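The values are calculated or read from the model by the stated rules, or taken from the named source; none is laboratory data. These numbers come from a predicted model, not from an experiment. Glycine gets a Cβ as well: all are built from the backbone with ideal geometry, and neighbour counts include every protein chain shown. Protein only, heavy atoms only, side chains kept; ligands, DNA and RNA dropped before computing areas. Shrake-Rupley method; radii C 1.70, N 1.55, O 1.52, S 1.80 Å.
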Amino acid sequence: MEPNERHALNDQALRRRLAIDCGSCCGLCCTALYFAKSEGFPADKSAGKPCKNLLPDHRCAIHSALKARGLKGCLAYDCFGAGQRVAARTFGGQSWADLREDRETMFAAFLSVYGLHQMLWYLLEAASLRLPDALRAQIDGMIGEIDRQADAPAAALAALDPDVWRGKVNPLLHAASETLPVNPGKPLPRDLFGRDLRRFDLSGRDLSMALLIAADLRGCTLRGSNLLGADLRDACLHGADLSQAVFLTQAQLNAAAGDGKTKLPASLRRPATWT
Ligand code: SF4
Ligand code: SF4
């Protein structure tokens, strides 16, 4: 087996660990995080307080009605697998409800691992590109370092500052982005709110941090397009081809509208709420 094939297999296994497994968690997002009703959550809620709809077994009492109630925040949220890692590994299967003094430690560890897993996701995306050997080695090394860091004891995770890691990761992501093929057309503005983009060739576009809220991308092809941090809330992706889009996340897809014809990268799931 070629070294790159071996890496690809390891990366696939790691990506699977970044997919949420709520059955192995204890409703950490529904408890640890601050929510605002205006952002599509059921009510304003302070961090550390369980949502009123969280059942004692950590399931959501209104799960099947989230879409009908317009709770877009709940539907879009994705923890990059941080919840199950903290609950099942860092805390050995305990729930926040079992803890007293350590409850805040668990919540803080969850936020840290969320940041680390998000960086892992982007690094794995970068690792899937055609990269110069030296950059690939740096990215592979960083993936290993961050994955080991996410296995630190609870107190160390709670005290961790993800921004320190972001300071190391961001230059690598930037360097990887520079290797993407560039669309020769006129650059698009960052503010594409509500725009009809169907007539544009979106392949090879730098759409990182673009405001694509409610934009119409029906039938568009985004081959090699950089979607890092793009805001896809309510963007219409019906029939669009995102199978080779780069830096796309599950949360971005969850927040958008697609259908059975939308083509997705193999590492992402079709949201259950899509038509
Ligand atoms: S924190 Fe993650 S794994 Fe846990 S319930 Fe929320 S989405 Fe699911
Ligand atoms: S409504 Fe359900 S999914 Fe949303 S925060 Fe509450 S328990 Fe979690």
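One table, with the values for the structure above:
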{"item": "Arg148 among the charged types (D, E, K, R), surrounded by fewer than 18 Cβ atoms within 10 Å (Cβ to Cβ), part of a helix (DSSP H, G or I) and in contact (Cβ under 8 Å) with a residue 12 or more places away in the chain", "result": "no"}
{"item": "Segment 224-265, residues that are open to solvent by 30 Å² or more (accessible area, probe 1.4 Å) and hydroxyl-bearing (Ser, Thr, Tyr)", "result": "Ser243"}
{"item": "Counted residues, segment 45-79 - those being within 13 Å of ligand 1 (Cβ to nearest atom) and at positive phi", "result": "1"}
{"item": "Lone unmet requirement of (1) within 16 Å of ligand 2 (Cβ to nearest atom); (2) outside any loop (DSSP other than H, G, I, E, B); (3) not charged (D, E, K, R) for Leu157", "result": "(1)"}
{"item": "Residue within segment 105-127 that is open to solvent by 20 Å² or more (accessible area, probe 1.4 Å), assigned to a loop (DSSP other than H, G, I, E, B), of a type outside the set (Val, Ile, Thr) and under 22 Å from Lys37 (Cα atoms) present", "result": "no"}
{"item": "Subset of segment 151-169 (residues that are surrounded by fewer than 13 Cβ atoms within 10 Å (Cβ to Cβ) and within 21 Å of Glu125 (Cα to Cα))", "result": "Asp163, Val164, Gly167"}
{"item": "The listed residue being within 25 Å of Pro162 (Cβ to Cβ) and within 13 Å of ligand 1 (Cβ to nearest atom), out of Leu18, Leu14", "result": "Leu18"}
{"item": "Scope segment 23-44; condition within 11 Å of ligand 1 (Cβ to nearest atom) and surrounded by fewer than 18 Cβ atoms within 10 Å (Cβ to Cβ); matching residues", "result": "Gly23, Ser24"}
{"item": "Ala176 being assigned to a helix (DSSP H, G or I) and either of a type in the set (Lys, Arg) or without any contact (Cβ under 8 Å) to a residue 40 or more places away in the chain (or both)", "result": "no"}
{"item": "Residues within segment 189-201 that are within 29 Å of Pro132 (Cα to Cα) and open to solvent by less than 30 Å² (accessible area, probe 1.4 Å), tallied", "result": "0"}
{"item": "Filter pass, Ala76 being more than 9 Å from ligand 2 (Cβ to nearest atom), buried (at least 20 other Cβ atoms within 10 Å of the Cβ), of a type in the set (A, V, I, L, M) and closer than 23 Å to Leu124 by Cα", "result": "yes"}
{"item": "Among the candidates Val164, Val113, residue that is β-branched (Val, Ile, Thr) and in contact with a Cys (Cβ under 9 Å, 6 or more places away or on another chain)", "result": "Val113"}
{"item": "Number of the condition not met by Ala47 [criteria: (1) modelled with pLDDT of 95 or more; (2) assigned to a helix (DSSP H, G or I); (3) open to solvent by 20 Å² or more (accessible area, probe 1.4 Å); (4) away from ligand 2 (no atom under 11 Å from the Cβ)]", "result": "(2)"}
{"item": "The listed residue being part of a helix (DSSP H, G or I) and either touching a residue at least 12 places away in the same chain (Cβ under 8 Å) or under 30 Å from Thr105 (Cβ atoms) (or both), out of Asn183, Asn170", "result": "Asn170"}
